[in-house]
Amino acid sequence: TEPISRNTLTLLYLRSQVANGNGSIQSGATPAGITAPLLPPQSQTQSSTEDDRRHGFHQVLKRLGDSDLPEREPVEQYLHHMYRKHCQIITITRAFETIQWFVCFLKERGRTIFAEVSRKDLEAFIEREQDRGLKITSVRLKLATLSTFFRFLIEAGVMQEEVLAKKIRLKLPA
């Protein structure tokens with residue numbers, strides 16, 4: 001048989017001590033040698049993962065600050081929103097890159113602010129991405145990313161609802 005760990009021994013002891021319906025533990029002496037905490041301390045990997053996530057997010061914000069986006073504030077608010085929702089850094093980075101691509105496309109069309117974006121702009125961007133030879137899944141991901149960003153802007157009152165009034169469907173070319 002395997003030796004019983006301290007945490008297992010603690011759990012067994014606590015289960016044996018639960019007495020009344022509210023789950024409180026009866027007072028009494030604990031077995032000798034049981035000093036393990038009830039909740040394990042936060043592991044080193046969890047704290048370093050959060051540090052990596054925070055560092056990655058600040059890198060994305062630095063890229064935003066270095067970019068020439070005409071409207072940085074709504075993009076920064078959206079990225080903060082994604083960070084607060086505990087999105088992975090790669091997701092936040094890809095969203096930022098997609099927004100950058102879209103803004104470059106808008107500049108080519110003579111638009112500089114999100115309030116001017118129309119449904120035709122979004123459709124033309126998606127068509128251009130398909131013409132670039134991207135796979136349908138990549139184009140769908142860009143469309144989903146932009147749709148989520150636009151919903152955020154609509155809720156903030158920056159963009160009109162007509163842009164997303166009807167779902168854009170993508171099909172594989174025949």
Any chance Val163 is farther than 30 Å from Glu50 by Cα, touching a Lys or Arg at 6+ places or on another chain (Cβ under 6 Å) and not hydroxyl-bearing (Ser, Thr, Tyr) = yes
Residue among Asp68, Asp51 that is at pLDDT below 90 and open to solvent by 100 Å² or more (accessible area, probe 1.4 Å) = Asp68
query = Is it fair to say Thr93 is in a helix (DSSP H, G or I) and open to solvent by less than 60 Å² (accessible area, probe 1.4 Å)?
reply = yes
inquiry  = Restricting to the stretch 126-150, count the residues that are over 22 Å from His81 (Cβ atoms) and either in contact with a Phe, Trp or Tyr (Cβ under 7 Å, 6 or more places away or on another chain) or of a type in the set (Asp, Glu) (or both).
reply    = 4
remark   = Ile126 meets each of (1) over 20 Å from the mean Cα position of the chain (by Cα); (2) open to solvent by 40 Å² or more (accessible area, probe 1.4 Å); (3) touching a residue at least 24 places away in the same chain (Cβ under 8 Å) with one exception, condition (2)
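Looking only at the stretch 129-151, count every residue that is assigned to a helix (DSSP H, G or I), open to solvent by 60 Å² or more (accessible area, probe 1.4 Å) and out of contact with any Leu (no Cβ under 6 Å at 6 or more places or on another chain) and tell me the total.
5
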inquiry  = Let me confirm something: among Val117, Val158, which residue is of a type in the set (Val, Ile, Thr), closer than 23 Å to Leu79 by Cα, modelled with pLDDT under 95 and out of contact with any Lys or Arg (no Cβ under 7 Å at 6 or more places or on another chain)?
reply    = Val158
query = In the stretch 152-163, which residues are in a helix (DSSP H, G or I) and in contact (Cβ under 8 Å) with a residue 24 or more places away in the chain?
reply = Phe152, Leu153, Glu162, Val163
inquiry  = Residue under question is Ala36, and the condition is that it be modelled with pLDDT under 90, in a loop (DSSP other than H, G, I, E, B) and open to solvent by less than 80 Å² (accessible area, probe 1.4 Å); does it hold?
reply    = yes
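The values are calculated or read from the model by the stated rules, or taken from the named source; none is laboratory data. The structure presented is a predicted model; accordingly, all values stated were derived computationally and were not measured. Note: ideal-geometry Cβ built from the backbone for every residue, glycine included; neighbour counts use all protein chains shown. Just the protein is used for accessible areas: all its heavy atoms, side chains included, with ligands, DNA and RNA removed. Shrake-Rupley method; radii C 1.70, N 1.55, O 1.52, S 1.80 Å.
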